[in-house]
Amino acid sequence: MRYERLGEVPLKRHVQVRRDGAGSELLTEEVLGYEGFSGNETILYHLHSPCRLDAVGEFTPITRDEWVPDAHVHRLADANPVARGGDPVGGRQLLMFNGDIEVSICKPTTELDGFYRNGEGDEVIYVHRGSGVLRTMFGRVPFREKDYVVIPRGTTHTWELPDDAEQFWVCFHTPGEIETPNRYRNRYGQLLEHSPFSQRDFHGPLELETCDDAGTYELTVRVRDGHQRYVLDRHPFDVVGWDGYVFPYTFNADDFEPRAGRYHLPPPTHQTFQGPNFVICTFAPRMLDWDPEAVPLPYHHSNIQSEEVMFYAEGDYAARKGVDIGCLTLHPSGLPHGPQPGTVEKALGAKATSELAVMWDTFRPLRLTNLWQANDRPEYALSWNPDKSPAPA
Ligand SMILES: [Fe+2]
């Protein structure tokens, strides 16, 4: 990320800071950083110690309802029927996972009762439908449809959801770090000219909420593969200023500047984020390959070392039959995949595509859950066989 600063911070680090000058209480300085003291960090100034607790609640281990399919095939699932309900954290319904990533569908209908902090992973929320404000100790981060909301671990936050907005989110958790791809950045970390986005496309907290309130505040922290509950007697948003490289932000899929070529360009062209053993890509509406002889759809490819999951967010996805907005496909490792019969012929000469899709490729096998099983469309596995599957309309 880049350097940001919000609120009041002293000219030097690690010095005496008092909010109201001589005689008032010292502020509590907190360094929040990755990789010990070697990674990116932010320094925050609190009115009270962030360690302060009123009571310790219970620890609840995370349980996962894994579905082990009886066949290894390409799969399609429809996330539209997934039930709405719950809050932005408890309402997450796990869809797939491995040691590097967890992906959930969340359609919250209520706000979070209290505050949440992920103490063991970074999160990305892709907002397929909905809007609101992510309220954090770093300040308020408004979000809207097609935003990726990136929340670094250690960020105490809660959510403000408008009454009239239907929410439909794809949520990612990783024990690693969510970063922009190395190849888009120069040796100082600045995004390069050839990157499909610039620093201007990333939107951090707009304004601080500094609350010096006493009361009873519930805080849930994800740690050790479970949720630990605490009760605070001070509002957790008591930060008067911070500066550094770690903070929550949004990036909107419409700000991804797509690349095209005379002939087809491969998926890394669409990469948006990197994590440990996975990537997240944005297939944005774009002009298609312009050579008269070009085939404007992907060539068949064998994912011999990765699993490829696509969430169809908007537009008309020409390479797939029977795939609607809100559906997902899983093309697992070990099997070739490509456009279905008839779709290539139909796409020849097309000049542009309206598709918007979010893809995540993992380099280790994914495990599915009962949520996928409940929404699985087994006929997809045979959809490359015209004798088994109708031609595209
Ligand atoms: Fe693919």
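Got a number for residues in the range 296-308 being crowded, with 17+ Cβ neighbours inside 10 Å, more than 21 Å from Leu348 (Cα to Cα) and more than 10 Å from the ligand (Cβ to nearest atom)? Residues in the range 296-308 being crowded, with 17+ Cβ neighbours inside 10 Å, more than 21 Å from Leu348 (Cα to Cα) and more than 10 Å from the ligand (Cβ to nearest atom): 1 in total. Condition first: in contact with a Gly (Cβ under 9 Å, 6 or more places away or on another chain) and of a type in the set (S, T, N, Q). Can you find one or more residues in the range 282-304 that meet it? Yes, the range 282-304 contains a residue that is in contact with a Gly (Cβ under 9 Å, 6 or more places away or on another chain) and of a type in the set (S, T, N, Q). Once the range 318-328 is narrowed to residues that are more than 12 Å from the ligand (Cβ to nearest atom) and touching a Ser or Thr at 6+ places or on another chain (Cβ under 9 Å), the residue that is farthest from Tyr380 (Cα to Cα) is Ala318. In this structure, Phe251 does satisfy being in contact (Cβ under 8 Å) with a residue 24 or more places away in the chain, part of a strand (DSSP E or B) and surrounded by 19 or more Cβ atoms within 10 Å (Cβ to Cβ).
Could you tell me whether Val31 is over 30 Å from Leu335 (Cα atoms) and either of a type in the set (Lys, Arg) or loosely packed, with under 14 Cβ neighbours inside 10 Å (or both)? When the stated conditions are applied, Val31 passes them.
For the range 277-295, the tally of residues that are under 13 Å from Leu265 (Cα atoms), within 15 Å of the ligand (Cβ to nearest atom) and either without any contact (Cβ under 8 Å) to a residue 40 or more places away in the chain or among the aliphatic types (A, V, I, L, M) (or both) stands at 1.
Of all residues in the range 40-67, those being touching a residue at least 12 places away in the same chain (Cβ under 8 Å) and either assigned to a loop (DSSP other than H, G, I, E, B) or hydrophobic (A, V, I, L, M, F, W, C) (or both) number 17.
Being basic (Lys, Arg), out of contact with any Asp or Glu (no Cβ under 9 Å at 6 or more places or on another chain), modelled with pLDDT under 90 and away from the ligand (no atom under 12 Å from the Cβ): is that true of Lys388 here? Answer is no for this residue. Of all residues in the range 188-235, how many are exposed (fewer than 14 other Cβ atoms within 10 Å of the Cβ) and closer than 20 Å to Phe273 by Cβ? The total comes to 7. Apart from one condition, Tyr312 fits all of (1) under 16 Å from Arg75 (Cα atoms); (2) at pLDDT 90 or above; (3) not in a strand (DSSP E or B); the exception is (3). Residues that are assigned to a loop (DSSP other than H, G, I, E, B) and under 32 Å from the mean Cα position of the chain (by Cα) within the range 341-391 comprise Ala350, Lys351, Ser354, Glu355, Phe363, Arg364, Pro365, Leu366, Arg377, Ser383, Trp384, listed in sequence order.
For the range 329-348, a residue qualifies if it is within 21 Å of Arg286 (Cα to Cα), touching a strand residue (DSSP E or B) at 6+ places or on another chain (Cβ under 9 Å) and either more than 13 Å from the ligand (Cβ to nearest atom) or modelled with pLDDT under 90 (or both), and exactly one does: Ala347.
The values are calculated or read from the model by the stated rules, or taken from the named source; none is laboratory data. Note that the structure is a prediction, hence the values are computed from the model and not measured. Backbone-built Cβ (ideal geometry, glycine too); neighbour counts: all protein chains shown.
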